[in-house]
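Worksheet: the structure to be examined is printed underneath.
Here, each number is a calculation from the coordinates, and none is a lab measurement. Bear in mind the structure is a predicted one, so any value in this text is a computation, not a measurement. Neighbour counts run over all protein chains shown; Cβ positions are idealised from the backbone, glycine included.
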Amino acid sequence: MDTLILGIESSCDETAASVVKNGRYIMSNVISSQIDLHKKYGGVVPEIASRKHVELIMPVVHQALEEAGVSLKEIDAVGVTYGPGLVGALLVGLTAAKAIAFAADKPLVGVHHIEGHIAANYLQEPELEPPFICLVASGGHSHIVHVKSYSEFEILGQTRDDAAGEAFDKISRAIGLGYPGGPLIDKNALTGNSKAIQFPRVTFDDGSLDFSFSGLKTAVLNYLNRMEQTGEKINIPDVAASFQQAVVDVLVRNTIAAANMKNIDKIALAGGVAANTQLRNDMKVTAEKQGIKVMYPGLTLCTDNAAMISCAAYYEYKSGKRAGMDLNAVPGLKLSTGISKD
């Protein structure tokens, strides 16, 4: 008997709904992005994002059901992101999911947003099963996760300050490229020299696999200020490429170190930064030299989407986890070995 999960995602600036069959087959994946709405502000404005979610959430859900060719009666459960994320944005999706689950008399399943990003790899790689190492890198998260099972996770490294995607956004604005920074820096770096400027790569003396990008960000800003003060021309592609390489080098180094530490030969990438061409290439080339296979989702599944939430919800549902109508948004929700305990 097939299991159909309706997934809802609204943690930041994408309003999304999806229907996934048996945790692996995408029947629909509808995403309404607010990028154009937030561009003029240089980043996501939480209040604007929340109001747009209110406007879009039900039309997106209806479209997802229509494209999947199913009715609510045929859905087995409703999965929804309840954290981490912007609290107002989370509440819109969560409220809609509760209402749908209650009205249709279907179980409600709460999903951790990072668990969803990890699960995107199951949709891309039907044969993938835990254990594996997953690098989750986005605008709000930079985690190296030991995926022990479909619902058990161990964080081996995380950012101590800026997330990787956040650093991309800040530097993109500083060099005049705009928002969102990740794809704009990636594009400009293609014509730049990644060795033109030597920016720092942080290593912790205690051997930690944590990340720190604030020093790198400061180094880039100092470089830009020096160039401006001396009247020298700034080569934007070179700055973009050199900065990007510094971020990628650290992400690759620490993730492969985590795989070696746990003696695991599979690495998956997840999150918006997983769409970065330099990261994909360098991780694959470096890891495969050590006999480690690297996987990553398609571009649509890297950014926030509901198919990944449906997928994660499927495994939570199959393990017997259910959420009550008192499920609340948790903007600072931590990923742990038992997310239902957070």
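Around the Cα centre of the stretch 130-297, unit charges on the Cβ atoms of Lys, Arg, Asp and Glu (plus for the first two, minus for the last two) sum to a dipole of about 360 debye. The stretch between S319 and T277 holds 11.6 nm of extra length on full extension. This uses 0.36 nm per residue minus the Cα-Cα distance. Overall, the ratio between the Cα radius of gyration of the chain and 2.2 N^0.38 Å, rounded to two decimals, is 0.99. Phi angles across the stretch 263-276 convert, under the Karplus curve 6.51 cos²θ - 1.76 cosθ + 1.60 with θ = phi - 60°, into 3J(HN,Hα) values of 6, 10, 10, 9, 10, 10, 10, 8, x, x, 5, 5, 7, 5 Hz, Gly and Pro given as x.
Viscosity 1.002 mPa s, temperature 20 °C: give me the Stokes-Einstein translational D for the stretch 130-297 in µm²/s, with Rh taken as the Kirkwood radius over C-alpha pairs.
The calculation lands on 133 µm²/s.
For the chain, the Cβ-based charge dipole about the Cα centre amounts to some 340 debye (Lys, Arg positive; Asp, Glu negative; other atoms uncharged). Taking the Cα centre of the chain as the origin and placing charges on Cβ (Lys, Arg +1; Asp, Glu -1), which of N121, A103, T230 is farthest toward the positive end of the dipole? The residue sitting farthest along the positive end of the dipole is T230.
What's the magnitude of the charge dipole for the stretch 37-147 around its Cα centre, counting Lys and Arg as +1 and Asp and Glu as -1 at the beta-carbon? Answer in Debye, nearest 20. Walk me through the intermediate numbers first.
Working: 7 positive and 11 negative charges, 125 e Å.
Charge dipole of the stretch 37-147: 600 debye, to the nearest 20.
When the chain is treated as a GNM with alpha-carbon contacts under 10 Å, the residue of A120, A103, A329 showing the greatest mean-square fluctuation is A103.
Could you give the length gained on full extension between E152 and S33, defined as 0.36 nm per residue of separation minus the Cα-Cα distance, in nm? List each step's numbers first, then the result.
Values: separation 119, 0.36 × 119 = 42.84 nm, distance 3.05 nm.
Going from the current span to full extension adds 39.8 nm.
Show me the ranking of peptides 269-276, 140-147 by mean Cβ neighbours inside 10 Å, starting with the highest. Each step should come with its number before you reach the end.
Working: 269-276: 27.4, 140-147: 24.4.
Taking the mean over residues of other Cβ atoms within 10 Å, the ranking is 269-276, 140-147.
Lysine pair count for the stretch 130-297 (Cα-Cα distance under 21 Å; residues 8 or more apart in sequence or on different chains): 22. The slack in the chain from N22 to I234, taken as 0.36 nm per residue of separation less the alpha-carbon distance, amounts to 71.2 nm. Under the simplified labelling scheme, the K334-Q63 pair shows an inter-label distance of 3.8 nm, with each label point 7 Å from Cα along Cα→Cβ. In the chain, helical runs assigned H by DSSP with n ≥ 4 each contribute -39500 (n - 2.57); averaged across all residues and rounded to the nearest 500, the mean residue ellipticity at 222 nm is -14000 deg cm²/dmol.
Here the relative contact order of the stretch 29-160, from alpha carbon pairs under 8 Å that lie six or more residues apart, stands at 16 percent.
The angle between the Cα long axis of helix 307-318 and the longest principal axis of the Cα atoms of the chain comes to about 50 degrees, rounded to the nearest 10.
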